[in-house]
1. Among the GluC sites (Glu not before Pro) within region 241-319, which fall in a DSSP loop and have no more than 16 other Cβ atoms within 10 Å of their own Cβ?
2. Suppose the chain between residue 430 and residue 317 were pulled fully straight at 0.36 nm per residue; how much longer would it get relative to their current alpha carbon spacing?
3. Which is the longest run of the chain containing none of the trypsin sites (Lys or Arg not before Pro) found in DSSP loop states (not H, G, I, E, B) with at most 10 other C-beta atoms within 10 Å?
4. Just want to confirm a number: the relative contact order over the chain, from Cα pairs under 8 angstrom separated by 6+ residues, in percent.
5. Taking springs between alpha-carbon atoms closer than 10 angstrom, which of 25, 338, 73 fluctuates most in the Gaussian network model of the chain?
6. Expected output is a single nm value to one decimal: the length gained when fully extending between residue 136 and residue 438, i.e. 0.36 nm times separation in residues minus the C-alpha distance. What is it?
7. Given the options 95, 427, 210, which has the most mean-square fluctuation in a GNM of the chain, springs set between C-alpha atoms less than 10 angstrom apart?
8. Starting from the Cα of residue 300, draw a straight line to each of the lysines and keep only those under 22 Å, dropping any in the same chain fewer than 8 residues away.
Amino acid sequence: MKLENPSVHAATLEHFWMPFTANRQFKAAPRLLVRAEGMFYWTPEGREVLDGTAGLWCVNAGHSRKPIVEAVQRQAATMDYAPLFNMGHPLAFEAATAVARVAPAGMERVFFTNSGSESADTAIKMAMAYHRARGEPSRRIIIGRERGYHGVNIGGTTVGGIPGNRKAFPAMMTGVDHIRSTHDLARNAFSKGQPEHGAEFADELERLVAFHDPSNIAAVIVEPMAGSAGVLIPPKGYLDRIAATCRKHGILLIFDEVITGFGRLGTPFAAHYFNITPDLLTCAKAINNAAVPMGAVIAKNEVYDTITNAAPEGAIEFLHGYTYSAHPLACAALLATQQLYVDEQLFNRAQAMVPKFEAALHSLKGARHVIDIRNLGIVGGIELEPRAGAVGRRGLEAHIRCFEAGVLVRSTGDILALSPPLIIEEAHIERIVETIRTALAGLE
Ligand SMILES: Cc1ncc(COP(=O)(O)O)c(C=O)c1O
């Protein structure tokens, strides 16, 4: 296949070992992006591509927004880097305050990481440290969920539930178990918003708790809405039951809000949307509009206080941190991003757009190969019938066809995922949906 950009020679592509990519296939026919603004990317030859995925679920305010760009530029010229181990810089504290301001009530302690993966592993360590500080060090087991995604570090991979991501790295962390996923096509296909059936899937947690004994369980980690495994929406009542079981047995509840954080569901966090306050909340991505790598764990004050007060005076209380925790450029981007969210009322805007988004998405019911459509907030999933003997091929081909037609959609297996920037207009929604319809019609 020809290279889209003749200035990119095959030889120049060989050194980069690409993440989560079919390297050989991609390098034979690369899909490159060189510029972005607002709702759009541009390819090297100037072809416009409408961004139906906010990059990777992260550019919620749209691309290359001026206030964010300028804040990063200013900070780079003022102070490029400062250490944060037993040192500080004001932006780190301001950034934590800005996050605490939008976090659920009582969750006002913010630990900065550089990614969602680091946030997951940090939260797991916090959960263990918390129980140790409380005098229950036997609580070490972490319970995840099948089809959950918590990034790619050792903790996140192990508590994650995507078989393909785990199979080459079995049992990297011990003391992990999983509840089943909530996906139930037979009963819930083509649900709008939260599906009706499946609250009882949460009861499996009780079974695992009894099996391991609560005295051995530190935390349960779930995405309130599972994104990466293909947009799996929690059934009505399901998360309440999970939260109640955790509370009953003294188990910490960790919400992985790397995708749902910062407006994706029309609220600051999914915790607000579902009216459930977890004990720890992981986030990243839209925290600073993905302008500079950054993630965070937001902890209940009580978790922070327990760990901190258990250490002797003058001792480091939580022996964990990254060279780039609260990097000044990331903090500058965060402050500008959070201000932009307020100035443009982007979370409310997203909420107002949900009915149009939902209706347009569900108009694809009956389109070729479509066996389910699901949505929540500004997230959509379109599940395609897998091709016999080639699971995932149809999804990838649909993604490529849409890209060639000027729309970026994400494919996970045979599920197409949509998560456009929250500045999306109705005309963009129509263009995304019609491009998918045409792509599917021409796809075997
Ligand atoms: C729910 C969830 N957790 C964790 C991660 C990992 O984040 P990162 O790729 O920034 O490490 C992701 C990434 O998509 C995610 O969706």
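1. The qualifying sites are 313, 317.
2. Extending this stretch completely gives an extra 35.5 nm.
3. It works out to 168-444.
4. Worked out over the chain, it gives 21 percent.
5. 25
6. Length gained between residue 136 and residue 438: 103.0 nm.
7. Taking springs between Cα atoms under 10 Å, the residue moving most is 427.
8. Partners found: 125, 248, 285.
Just so you know, all these numbers are worked out from the coordinates, no wet-lab data involved. Fair warning: this is a prediction, and the values are worked out from it, not measured in the lab. Please note: Cβ atoms are built from the backbone with ideal geometry, for glycine as well, and neighbour counts cover all protein chains shown.
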